[in-house]
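Report on one structure; see the data block that follows.
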Amino acid sequence: MSYETILYDVDGPVAVITLNRPERRNAWTRVMSRELVEAFERANADNAVGAIVLTGAGKGFCAGADIEQAFKARIDGAEDKKEEETGMPGGTDWADLCRRSKPLIAAVNGASVGVGATMILPFDVIVASEEAKFGMFFAKMGLVPELGSSHFLERRVGFGMANELCLTARLIDAKEAGRIRLADHVVPAGELLDKAKALGREISANPDRQLRLIKGLLRDHGPASDMLAVQKREGAVLKDCYASDEHKEAVDAFLNKRPAVFR
């Protein structure tokens, strides 16, 4: 499968997707959006893949939406009615796609602003190069955050900091992103992909089905207040896992002092 705006590669159990418009700092377009959805689903369907890494080509990760191809085109009347519902072409529910996909790791190599920041907030782990920068630039463009980011940003950095980042619309560096936990790891630029892939390999040693079930529980229960309902849902999922082949393999491997094989 060929793509116009991204690259797709598989390194062992890790699928690496690269935003590939370096001449535009990988600015987001509708074509890129559709190709990302296709690439995620491609990785999800590949039994050899256990985790997905998303990074950017060149000096930038994603400099937000392409002003001409996205904003100007919309002003000129090139609208996608379904996009109004979710912020994505065709009405794709990006947050749902991210949370039901195999574990997602963002390897942020440069500027990650606007949609370049919001697209990775529902990911499982964000690894940033020391050269990365982050910005919720929506207010400067006369817009508001999208892709569920008004939810996920608050869960990552807290209520006060989420307000500050969005209302000031300022750019922060990688060190600050790490301090406020917008980035989970901050590493030297030359170590970025190695760190992201290493996390992907570590995660991939675990069974796909249970990884996605865990992601669903974390998605649904983070903001929950009814702890009895939370425990009941966990119990129902756990009961299903007890009967799974993956659980039986893990127990057998432990008792026979051998590595478990899930993939």
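Kirkwood Rh over Cα pairs of the chain into Stokes-Einstein at 37 °C, 0.692 mPa s: D in µm²/s?
The calculation lands on 170 µm²/s.
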As a percent rounded to 5, the proportion of antiparallel DSSP bridges among beta bridges in the chain is 30
With a 20 Å threshold on alpha-carbon distance, the violating pairs from 197/248; 102/215; 197/257 are 197/248; 197/257
If unit charges are put on Cβ atoms (+1 for Lys and Arg, -1 for Asp and Glu) and the dipole of the chain is taken about its Cα centre, the option from 251, 108, 44 lying farthest towards the positive end turns out to be 251
The helix 245-255 Cα axis meets the longest alpha-carbon principal axis of the chain at an angle in degrees, between 0 and 90 and rounded to 10, of 60
Comparing 228, 182, 54 in a Gaussian network model of the chain (Cα, 10 Å), the one with the largest mean-square fluctuation is 228
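Can you check what the net charge comes to around residue 263, using other residues whose Cβ is under 12 Å from the Cβ of residue 263 (Lys, Arg +1; Asp, Glu -1)?
Charge balance near residue 263 sits at -1.
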Listed residues 49, 115, 237; largest mean-square fluctuation, Gaussian network over the chain with Cα springs below 10 Å, found at 237
Here the relative contact order (percent) of the chain, from C-alpha pairs under 8 Å and at least 6 apart, is 17
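Here, each number is a calculation from the coordinates, and none is a lab measurement. The model shown is predicted, which means the values in this text are computed figures rather than measured ones. Cβ coordinates were reconstructed from backbone atoms using ideal geometry, including for glycine residues, and neighbour counts include every protein chain displayed.
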